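Heads up: the structure comes next, in structure tokens.
The values are calculated or read from the model by the stated rules, or taken from the named source; none is laboratory data. Keep in mind the model is a prediction, meaning the values are calculated, not measured. Please note: Cβ atoms are built from the backbone with ideal geometry, for glycine as well, and neighbour counts cover all protein chains shown.
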Amino acid sequence: MNPKISLRELDATTQAAVAKTRETVARWHAELPANNLVVWTAGNVSQRVAGTELFVIKPSGVRYDELAADNMVVCDLEGNKIADGTAETLRPSSDTAAHAYVYRHLPQVGGVVHTHSPYATAFAAVYQPIPCVLTMIADEFGGEIPVGPFAIIGDDSIGRGIVETLRESRSPAVLMGNHGPFTVGKDAKAAVKAAVMVEEIAKTVTFAKSLGTPRPIDPAAVDALWQRYQNVYGQPENYPDPN
Ligand SMILES: O=C(CO)[C@@H](O)[C@@H](O)COP(=O)(O)O
């Protein structure tokens, strides 16, 4: 807990940014069960509060249908809950320290997601990276999806493993060994998208492995696909996005 920061005493602009981020983070949590990425309470989404040293994450162990803007927890970048207007006893996600570590060390990241989606988690259990054998993998991940180290839940270890692994890769997803996928993006929406995509491709690659030996895409083609998807696919930056 960081009682030195009280939301009520922050300026109006910051309070408005926190309120908007709480709405956003609550809304993106609903996409985890909607996309069959989680069971019970086993996954979390966070997003930085733009222009501040704060981020918003869900409370630990609360069912997805009970999540709403007003029970989203606000933390500083050390992962300490601030006096955010929620009950003092409402604990943030058990992965808060991992999310905070990512925000401290990867300034370009504005959203983080963790799930235990079954196909991606199966690769994490056997420490197998997901090979780049589909155009969708080249587009979204720019190469194979790497495996990170085993790390204990609750302190900086998971965050360190995520950052060390993703620094070596273009992938926005890492399969933490014996644990499951963590994904990052410019905001919660992008990190949720990466979580949906990593599960989808893990499923397809599992099917492919049961049929034969998946054939890796030539690295030059991976680069070309990734560049096109990152820079040309979809609509220009100024396309109105209701999220
Ligand atoms: O990975 C784990 C536990 O293995 C946690 O991320 C998961 O259960 C979700 O925990 P929280 O409800 O976010 O505290």
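Within the group Q230, Q235, which residue is part of a helix (DSSP H, G or I) and either modelled with pLDDT of 95 or more or exposed (fewer than 15 other Cβ atoms within 10 Å of the Cβ) (or both)? Exactly one residue qualifies, and that residue is Q230.
For Y119, the conditions (1) of a type outside the set (K, R); (2) more than 20 Å from P219 (Cα to Cα); (3) over 16 Å from the mean Cα position of the chain (by Cα); (4) surrounded by fewer than 18 Cβ atoms within 10 Å (Cβ to Cβ) all hold with the exception of (4). When D70 is tested against (1) part of a helix (DSSP H, G or I); (2) within 16 Å of the ligand (Cβ to nearest atom); (3) loosely packed, with under 15 Cβ neighbours inside 10 Å, just one condition goes unmet, and that condition is (2). For the stretch 30-49, what are the residues that are more than 10 Å from the ligand (Cβ to nearest atom) and either aromatic (F, W, Y) or free of Cβ contacts under 8 Å to residues at least 40 places away in the same chain (or both)? Once the filter is applied, which keeps residues that are more than 10 Å from the ligand (Cβ to nearest atom) and either aromatic (F, W, Y) or free of Cβ contacts under 8 Å to residues at least 40 places away in the same chain (or both), the stretch 30-49 yields A30, P33, A34, V49.
Being in a loop (DSSP other than H, G, I, E, B), hydroxyl-bearing (S, T, Y), farther than 19 Å from G154 by Cα and more than 16 Å from the ligand (Cβ to nearest atom) narrows it down to one of T24, T52, so name that one.
On the way: T24 fails: in a loop (DSSP other than H, G, I, E, B).
Just one listed residue meets the conditions, T52.
Could you tell me how many of the residues in the stretch 191-216 are of a type in the set (V, I, T) and either modelled with pLDDT under 95 or crowded, with 18+ Cβ neighbours inside 10 Å (or both)? Working first, answer last.
So in the stretch 191-216, the residues of a type in the set (V, I, T) come out as 192, 196, 198, 201, 204-206, 213.
Pick out the ones that are also either modelled with pLDDT under 95 or crowded, with 18+ Cβ neighbours inside 10 Å (or both) and you get 192, 196, 198, 201, 205.
Number of matching residues: 5.
Take the conditions in a strand (DSSP E or B) and touching a helix residue (DSSP H, G or I) at 6+ places or on another chain (Cβ under 8 Å) and apply them to Q47. Does it pass? Against the criterion (in a strand (DSSP E or B) and touching a helix residue (DSSP H, G or I) at 6+ places or on another chain (Cβ under 8 Å)), Q47 qualifies. One residue stands out among those in the stretch 73-96 that are crowded, with 22+ Cβ neighbours inside 10 Å and within 14 Å of the ligand (Cβ to nearest atom): the one that is farthest from A19 (Cα to Cα), which is D95. Just one of the numbered conditions (1) within 16 Å of the ligand (Cβ to nearest atom); (2) surrounded by fewer than 19 Cβ atoms within 10 Å (Cβ to Cβ); (3) on the phi < 0 side of the Ramachandran plot is not true of G61: (3).
Just give me the residues in the stretch 124-139 being part of a helix (DSSP H, G or I), of a type in the set (A, V, I, L, M, F, W, C) and away from the ligand (no atom under 16 Å from the Cβ), in sequence order. Working first, answer last.
Keep residues of the stretch 124-139 that are part of a helix (DSSP H, G or I), which gives 124-125, 135-139.
Checking the rest, the ones that are also of a type in the set (A, V, I, L, M, F, W, C) come to 124-125, 136-138.
Answer for the stretch 124-139, where residues must be part of a helix (DSSP H, G or I), of a type in the set (A, V, I, L, M, F, W, C) and away from the ligand (no atom under 16 Å from the Cβ): M136, I137, A138.
Candidates are the residues of the stretch 140-163 that are touching a residue at least 60 places away in the same chain (Cβ under 8 Å) and either part of a loop (DSSP other than H, G, I, E, B) or more than 18 Å from the chain's Cα centre (by Cα) (or both); the one that is surrounded by the fewest Cβ atoms within 10 Å (Cβ to Cβ) is G154. Taking the conditions (1) free of Cβ contacts under 8 Å to residues at least 60 places away in the same chain; (2) under 23 Å from R104 (Cβ atoms); (3) not acidic (D, E) in turn, A16 satisfies each one other than (2). Filtering the stretch 104-114 to residues that are more than 16 Å from the ligand (Cβ to nearest atom) and within 13 Å of F182 (Cα to Cα) leaves only V109.
Kindly indicate whether any position in the stretch 1-24 is closer than 17 Å to H114 by Cα, touching a Leu at 6+ places or on another chain (Cβ under 9 Å) and surrounded by 19 or more Cβ atoms within 10 Å (Cβ to Cβ). Within the stretch 1-24, none of the residues are closer than 17 Å to H114 by Cα, touching a Leu at 6+ places or on another chain (Cβ under 9 Å) and surrounded by 19 or more Cβ atoms within 10 Å (Cβ to Cβ).
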